[in-house]
């Protein structure tokens with residue numbers, strides 16, 4: 001077998017996959033044995049990652065179901081029951097059947113943009129003026145005023 005034959009053998013897509021599968025089988029041969037190997041630790045991390053990802057997906061779906069205004073209470077209950085009874089299929093069905101953008105999503109994006117613009121429009125001078133008004137009305141003390149004024153000038 002010459003160099004050219006070896007290179008053509010290594011460029012085939014099946015060979016690296018077979019090599020990885022063999023390495024995987026060799027790494028997993030002692031799982032459950034009396035020793036805890038490096039590969040056992042790697043597989044534990046992979047399993048932990050997938051469990052964490054699965055739990056996070058379900059939390060996100062539940063939050064989305066309860067947040068939506070376009071679903072009635074009955075439909076929300078049906079979705080929760082479906083996701084509990086058949087978790088993976090139910091989650092996939094919910095993700096596929098959910099509208100891409102709802103009126104509530106547009107409203108929330110508009111509110112977020114307005115809040116961002118309002119926050120960007122406040123200058124330190126505006127903050128100090130508001131602090132002066134609060135100090136004059138007696139809502140805050142002079143030491144609180146000085147601390148807040150310093151914080152406003154830094155930020």
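Coordinate-derived values only; no laboratory data. Given the structure is predicted, the values throughout are model-derived calculations rather than measurements. Cβ coordinates were reconstructed from backbone atoms using ideal geometry, including for glycine residues, and neighbour counts include every protein chain displayed.
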Original post:
Going by how many other Cβ atoms sit within 10 Å of their own, how do 76, 150 line up, fewest first?
Top reply: 150, 76
**OP:** Starting from the Cα of residue 92, step 7 Å along the direction of its Cβ; do the same at residue 130; then give the gap between the two resulting points in nm.
**Re:** 5.0
Original post:
Between residue 150 and residue 70, what FRET efficiency follows from the Cβ-Cβ distance if R0 is 30 Å, with the result rounded to 0.05?
Top reply: 0.05
**OP:** Would you mind classifying segment 42-126 by shape? Square roots of the alpha carbon gyration tensor eigenvalues, ordered a ≥ b ≥ c; an a/c under 1.5 is rounded, otherwise it is prolate if a/b is larger than b/c and oblate if not.
**Re:** oblate
**OP:** Could you line up 36, 94 from fewest to most neighbouring Cβ atoms inside 10 Å?
**Re:** 36, 94
Original post:
Once label points are set 7 Å from the Cα along Cα→Cβ at both residue 54 and residue 100, what is their separation, rounded to one decimal in nm?
Top reply: 3.1
